[in-house]
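Enquirer: The structure's right below; bear with me while I get my questions together.
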Amino acid sequence: MLIGEVARRSGVSARMLRHYESLGLVQPSGRTGSGYREYSGADIRRIFHVESLRAMGLSLREIGRALDDPGFTPSALVDDLIRRTRERIAAETELLTRLRRVHATDPAGWEDVLQVVTLLGALGSKNADARQRAALAPVAEVPVEALAEAALGESDPNVAGALRWALARAGGGGPALLARGLGSPEAAVRERAARSLAEMPGDEATALLRDALAHPDAVVRGHAALALGTRGEADVVPELVDMVVAGRNDTDAADALSVLAGDEAADRITAALVAALAHDTTSASARGRLAQALAGVPGAAASRALGELLADADRAVALTAAYVLRLRDVG
């Protein structure tokens with residue numbers, strides 16, 4: 001079969017067939033009397049083998065080794081192809097993400113595009129100052145998705161604070177983007193998500209924080225409870241009391257209980273603290289923290305509970321109760 005016919009049947013151009021010949025990949029088995037290349041059935045099968053391996057991503061040099069070297073190990077090459085393909089997909093996925101984020105800012109001109117690209121690059125910089133400056137850029141210039149991703153991955157406390165501040169001002173789907181981080185297998189990412197979500201305003205963030213109260217991670221529940229407590233959500237009282245007992249952000253939890261302890265909630269909070277004080281498994285240190293938390297609750301029920309603690313077997317608890325009652329009498 002002559003080269004033109006081979007090209008038509010195989011889909012490989014005559015020019016490429018000549019290139020294969022120059023590399024020694026496919027050599028026509030014979031020549032006609034006029035000197036034209038003549039390909040045998042075996043030659044054509046080899047052409048299809050070359051094309052199949054090219055489709056897998058092998059270079060022509062690798063194809064030559066694969067077809068001619070008896071000691072060539074296919075598995076090693078396939079492993080390398082998998083690695084290179086993953087790297088290429090990751091790079092192209094990153095590029096696609098960057099393009100989408102630039103598009104989301106609806107740039108009016110190339111200067112706007114370049115500004116967004118510069119800010120996105122700064123958010124991923126190894127320099128903490130550069131990341132912080134990018135986070136503090138005008139909100140309209142930084143895509144919310146990029147801010148959320150940066151906040152979930154940021155370990156520097158100053159940069160993290162700037163990112164949370166920027167997200168709180170940005171809105172535009174920020175709470176939902178942060179909530180994805182609550183499902184991360186990494187505890188640090190879950191905590192960053194919860195802290196960032198706690199500083200987001202609005203009904204969407206509040207609803208997501210309510211959902212987070214049932215999260216299996218106690219740190220996530222704690223951030224949600226503290227944030228909801230400042231928003232007047234009385235349903236967080238059990239979680240706040242648990243935080244006091246566990247000594248986990250207990251001062252903040254006690255402050256949140258004090259804020260929640262209005263006319264209607266004071267008796268409920270008092271009852272929850274007293275129940276925890278009376279529990280058999282509550283340690284001495286936890287009882288001390290509970291007594292201090294009770295001191296911040298107004299109302300007659302809290303005063304009666306403190307009066308009963310004057311005779312408590314734990315001297316520290318009794319002294320705390322006496323001190324608080326004296327202050328209340330003076331007031």
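Enquirer: What number of residues in the stretch 212-221 are under 18 Å from the mean Cα position of the chain (by Cα) and not in a helix (DSSP H, G or I)?
Expert: 3
Enquirer: What tally of residues in the stretch 192-216 results from selecting those that are out of contact with any Asp or Glu (no Cβ under 8 Å at 6 or more places or on another chain) and open to solvent by 20 Å² or more (accessible area, probe 1.4 Å)?
Expert: Number of matching residues: 13.
Enquirer: What residue, of 284, 266, is aliphatic (A, V, I, L, M), over 20 Å from residue 194 (Cβ atoms), open to solvent by 60 Å² or more (accessible area, probe 1.4 Å) and under 40 Å from the mean Cα position of the chain (by Cα)?
Expert: Values: 266 fails: open to solvent by 60 Å² or more (accessible area, probe 1.4 Å).
Every option except 284 fails the conditions.
Enquirer: Against the condition closer than 18 Å to residue 148 by Cα and either out of contact with any helix residue (DSSP H, G or I) (no Cβ under 6 Å at 6 or more places or on another chain) or not β-branched (Val, Ile, Thr) (or both), how does residue 240 come out, does it pass? Give the steps one after another, and end with the answer.
Expert: Values: closer than 18 Å to residue 148 by Cα: no; either out of contact with any helix residue (DSSP H, G or I) (no Cβ under 6 Å at 6 or more places or on another chain) or not β-branched (Val, Ile, Thr) (or both): yes.
The answer is no for residue 240.
Enquirer: What helices (runs of 4 or more DSSP H), lying completely within the stretch 123-211, carry at least 1 residues that are under 14 Å from the mean Cα position of the chain (by Cα), without any contact (Cβ under 8 Å) to a residue 60 or more places away in the chain and closer than 20 Å to residue 223 by Cβ? Let's see the steps before the verdict.
Expert: Working: elements: 128-135, 144-153, 157-170, 174-179, 187-198.
Qualifying helices (runs of 4 or more DSSP H): 144-153, 157-170, 174-179, 187-198.
Enquirer: Right, here's the next one. Does at least one position in the stretch 240-262 carry a residue that is farther than 30 Å from residue 187 by Cβ, of a type outside the set (S, T, N, Q) and either within 41 Å of the chain's Cα centre (by Cα) or part of a helix (DSSP H, G or I) (or both)?
Expert: Initial filter on the stretch 240-262 (farther than 30 Å from residue 187 by Cβ): 261-262.
Then keep just the ones that are of a type outside the set (S, T, N, Q); that gives 261-262.
Within this subset, residues satisfying the condition of being either within 41 Å of the chain's Cα centre (by Cα) or part of a helix (DSSP H, G or I) (or both) are 261-262.
Looking for residues that are farther than 30 Å from residue 187 by Cβ, of a type outside the set (S, T, N, Q) and either within 41 Å of the chain's Cα centre (by Cα) or part of a helix (DSSP H, G or I) (or both), one finds at least one in the stretch 240-262, hence yes.
Enquirer: Going through the stretch 199-215 one residue at a time, which ones are farther than 17 Å from residue 173 by Cβ and out of contact with any Lys or Arg (no Cβ under 7 Å at 6 or more places or on another chain)?
Expert: Step one: filter the stretch 199-215 for residues farther than 17 Å from residue 173 by Cβ, giving 210, 212-215.
Passing the criteria: 210, 214.
Enquirer: Further, regarding this structure: Is it fair to say residue 25 is in contact with a His (Cβ under 9 Å, 6 or more places away or on another chain), in contact (Cβ under 8 Å) with a residue 40 or more places away in the chain and open to solvent by less than 40 Å² (accessible area, probe 1.4 Å)?
Expert: On the way: in contact with a His (Cβ under 9 Å, 6 or more places away or on another chain): yes; in contact (Cβ under 8 Å) with a residue 40 or more places away in the chain: yes; open to solvent by less than 40 Å² (accessible area, probe 1.4 Å): yes.
Answer is yes for this residue.
Enquirer: In the stretch 41-58, which residue that is open to solvent by 50 Å² or more (accessible area, probe 1.4 Å), within 51 Å of the chain's Cα centre (by Cα) and free of Cβ contacts under 8 Å to residues at least 24 places away in the same chain is farthest from residue 2 (Cα to Cα)? If you could, list the steps in order and put the result at the bottom.
Expert: Filtering the stretch 41-58 for residues open to solvent by 50 Å² or more (accessible area, probe 1.4 Å) gives 42, 45-46, 48-49, 51-52, 54-56.
Cutting the leftovers down to within 51 Å of the chain's Cα centre (by Cα) gives us 45-46, 48-49, 51-52, 54-56.
Cutting the leftovers down to free of Cβ contacts under 8 Å to residues at least 24 places away in the same chain gives us 45-46, 49, 52, 54-55.
On the way: 45: 15, 46: 15, 49: 19, 52: 22, 54: 23, 55: 25 Å.
So the residue we want is 55.
Yes/no matrix, rows are residues, columns are (1) in a loop (DSSP other than H, G, I, E, B); (2) closer than 30 Å to residue 9 by Cα:
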{"position": "50", "(1), (2)": "no, yes"}
{"position": "57", "(1), (2)": "yes, yes"}
{"position": "103", "(1), (2)": "no, no"}
{"position": "118", "(1), (2)": "no, no"}
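Enquirer: I've got another one for you. Restrict the check to the stretch 33-40 and report whether at least one residue is open to solvent by less than 40 Å² (accessible area, probe 1.4 Å) and aromatic (Phe, Trp, Tyr).
Expert: Looking through the stretch 33-40, at least one residue is open to solvent by less than 40 Å² (accessible area, probe 1.4 Å) and aromatic (Phe, Trp, Tyr).
The values are calculated or read from the model by the stated rules, or taken from the named source; none is laboratory data. A quick note: this is a predicted structure, and the numbers were derived from the prediction, not measured. Note that we place each Cβ from the backbone using ideal geometry, even for glycine, and neighbour counts take in every protein chain shown. What goes into the accessible areas is simple: the full protein's heavy atoms, side chains included, and nothing from ligands, DNA or RNA. Shrake-Rupley method; radii C 1.70, N 1.55, O 1.52, S 1.80 Å.
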